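Novice: Mind looking over this structure? Questions follow.
The values are calculated or read from the model by the stated rules, or taken from the named source; none is laboratory data. It should be emphasised that the depicted structure is a prediction, and the values quoted were computed from it without experimental measurement. Cβ placement follows ideal geometry from the backbone for every residue including glycine, while neighbour counts extend to all protein chains displayed. Ligands, DNA and RNA are stripped out before the accessible areas are found, and what is left, the full protein with its side chains, is counted by its heavy atoms. Shrake-Rupley method; radii C 1.70, N 1.55, O 1.52, S 1.80 Å.
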Amino acid sequence: MTEVQRAQKSAVTKAVIPAAGLGTRFLPATKAMPKEMLPIVDKPAIQYVVEEAASAGLGDVLIITGRNKDNLVNHFDSVPELEYSLERKGDDGKLGKVHESSELAEVYFLRQGQPLGLGHAVGRARGHVGDESFAVLLGDDLIDARDPLLDRMIAEHDARGATVIALMEVPQESIHLYGCAAVEATDDADVVRITGLVEKPAAAEAPSNLAVIGRYVLRPEIFDILDELPPGRGGEIQLTDALHQLAEGKGEAPVYGVIFRGRRYDTGDRADWIKANVLLGVDHDELGTEISNWVIDFAEQLRARREG
């Protein structure tokens, strides 16, 4: 079965992308521009995420926004003046890139209102999603298109009828930066049964080194749990807390994790954002050779500087 055929048969057809954060780690760059619009090489980060959803067969994408996100909304709209100008110049290459962002999927927008946490943002999607399972993709996490993850998660959801969370092995000393999963093995080395979740535990208290990363395939029962969930860490409605309840058996289906072993870029961190630009830049069709040569030369200069 091809990916397109699998996506057509799946009950999962919608994606939700929370993008209401203030981007304070990137100030002052994000003072007047959404962090999701910061470019990775030649595309804003949010476009990579929408492309991932579309590639997995999810043609209905809801982006949860906040204040001062008009640039994000505009990016996925058509721009007749720009398109007309490019047409007159005969610049079909750039015209195609402009069209691409507005033709990826049916993209909808909904304001979160108050910044009350990821769980609150996901809960706002209920009216759009309805009684269907859906995917959640966090805009700070970019998954390399060469290492598809969402397709596998949707397949596991369909096969098991379960909520599915993306996990990644991290060094034990870094687990305090993530939600952490307590797990049981299955007959598949890349799939585990999740029995509990802890938000940013101390290394000594972490039940494993499996960190939750920003991809989820959720059953609609998550909404009822979020509606009743009290504020958690930071006074916010934490999605991790709701998923923990499901993992403990308070839902109609279990929770599984797919362990991702591919390339992931944390664009919510300044240093990792720079690394993502370099790592994706060296493989870029148009810029790759130039950037690769520069990186090699710069690395030699940097080595000489440190040794000198």
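Novice: Is it true that some residue in the stretch 78-100 is assigned by the TED database to the domain that holds Arg264, within 30 Å of Ile237 (Cα to Cα) and not basic (Lys, Arg)?
Specialist: Checking the stretch 78-100: not a single residue is assigned by the TED database to the domain that holds Arg264, within 30 Å of Ile237 (Cα to Cα) and not basic (Lys, Arg).
Novice: Test Val282 against the criterion of being open to solvent by less than 90 Å² (accessible area, probe 1.4 Å) and in contact with a strand residue (DSSP E or B) (Cβ under 8 Å, 6 or more places away or on another chain), and give yes or no.
Specialist: no
Novice: Tell me, which residue of the stretch 198-226 that is outside any helix (DSSP H, G or I) and small (Gly, Ala, Ser) is nearest to Gly127 (Cα to Cα)?
Specialist: Gly214
Novice: Under 6 Å between Cβ atoms, at least 6 apart or on separate chains: pull out the pairs that start in the stretch 41-58 with a residue that is over 10 Å from Gly139 (Cβ atoms) and in the same structural domain as Asn71 (by the TED database) and end on any residue that is assigned to a loop (DSSP other than H, G, I, E, B) and not hydrophobic (A, V, I, L, M, F, W, C).
Specialist: Listed by first residue and then by second, the contacts come to Val41/His284.
Novice: Can you name every residue in the stretch 153-171 that is buried (at least 17 other Cβ atoms within 10 Å of the Cβ) and in a helix (DSSP H, G or I)?
Specialist: Met153, Ile154, Ala155, Glu156, His157, Asp158
Novice: Answer with yes or no whether Pro254 is free of Cβ contacts under 8 Å to residues at least 12 places away in the same chain and assigned by the TED database to the domain that holds Asp190.
Specialist: no
Novice: Here's a follow-up. If Pro231 passes every condition in (1) assigned to a helix (DSSP H, G or I); (2) open to solvent by less than 100 Å² (accessible area, probe 1.4 Å) but one, which one does it miss?
Specialist: (1)
Novice: Here is a list: Glu36, Glu87. Which entry is open to solvent by 80 Å² or more (accessible area, probe 1.4 Å) and not hydrophobic (A, V, I, L, M, F, W, C)?
Specialist: Glu87
Novice: Suppose we filter the stretch 191-205 for residues that are open to solvent by 50 Å² or more (accessible area, probe 1.4 Å) and under 20 Å from Val255 (Cα atoms); how many remain?
Specialist: The total comes to 4.
Novice: For the stretch 242-269, enumerate the residues that are open to solvent by less than 50 Å² (accessible area, probe 1.4 Å), within 22 Å of Arg193 (Cα to Cα) and charged (D, E, K, R).
Specialist: If the condition is that a residue be open to solvent by less than 50 Å² (accessible area, probe 1.4 Å), within 22 Å of Arg193 (Cα to Cα) and charged (D, E, K, R), then no residue fits.
Novice: Being in the same structural domain as Leu177 (by the TED database), of a type in the set (D, E, K, R) and either modelled with pLDDT of 95 or more or in contact with a Gly (Cβ under 7 Å, 6 or more places away or on another chain) (or both) narrows it down to one of Arg233, Arg215, so name that one.
Specialist: It is Arg215.
Novice: Got at least one residue in the stretch 172-185 being more than 29 Å from Ser10 (Cα to Cα), open to solvent by 20 Å² or more (accessible area, probe 1.4 Å) and aliphatic (A, V, I, L, M)?
Specialist: yes
Novice: Write out, first by first residue and then by second, each pair whose Cβ atoms fall under 9 Å of each other, whose residues are 6+ apart or on separate chains, and whose first residue, in the stretch 100-123, is assigned to a loop (DSSP other than H, G, I, E, B) while the second is open to solvent by less than 50 Å² (accessible area, probe 1.4 Å) and polar (S, T, N, Q).
Specialist: Between residues of the stretch 100-123 that are assigned to a loop (DSSP other than H, G, I, E, B) and residues that are open to solvent by less than 50 Å² (accessible area, probe 1.4 Å) and polar (S, T, N, Q), the close pairs are Leu104/Gln47; Gln112/Thr65; Gly117/Gln238.
Table: residues versus (1) at pLDDT below 80; (2) more than 19 Å from the chain's Cα centre (by Cα); (3) of a type in the set (Val, Ile, Thr); (4) closer than 22 Å to Asp266 by Cα.
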residue: Glu51; (1), (2), (3), (4): no, no, no, yes
residue: Ser55; (1), (2), (3), (4): no, no, no, yes
residue: Gly59; (1), (2), (3), (4): no, no, no, no
residue: Gly66; (1), (2), (3), (4): no, no, no, yes
residue: Lys69; (1), (2), (3), (4): yes, no, no, yes
residue: Asn74; (1), (2), (3), (4): no, yes, no, no
residue: Leu86; (1), (2), (3), (4): yes, yes, no, no
residue: Leu95; (1), (2), (3), (4): yes, yes, no, no
residue: His99; (1), (2), (3), (4): yes, yes, no, no
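Novice: State whether the residues of the stretch 132-141 include one that is open to solvent by less than 10 Å² (accessible area, probe 1.4 Å) and hydroxyl-bearing (Ser, Thr, Tyr).
Specialist: The answer is no, given that none of the residues of the stretch 132-141 is open to solvent by less than 10 Å² (accessible area, probe 1.4 Å) and hydroxyl-bearing (Ser, Thr, Tyr).
Novice: Using the structure shown, decide if Glu132 is part of a loop (DSSP other than H, G, I, E, B), assigned by the TED database to the domain that holds Glu252 and among the acidic types (Asp, Glu).
Specialist: So Glu132 passes the test.
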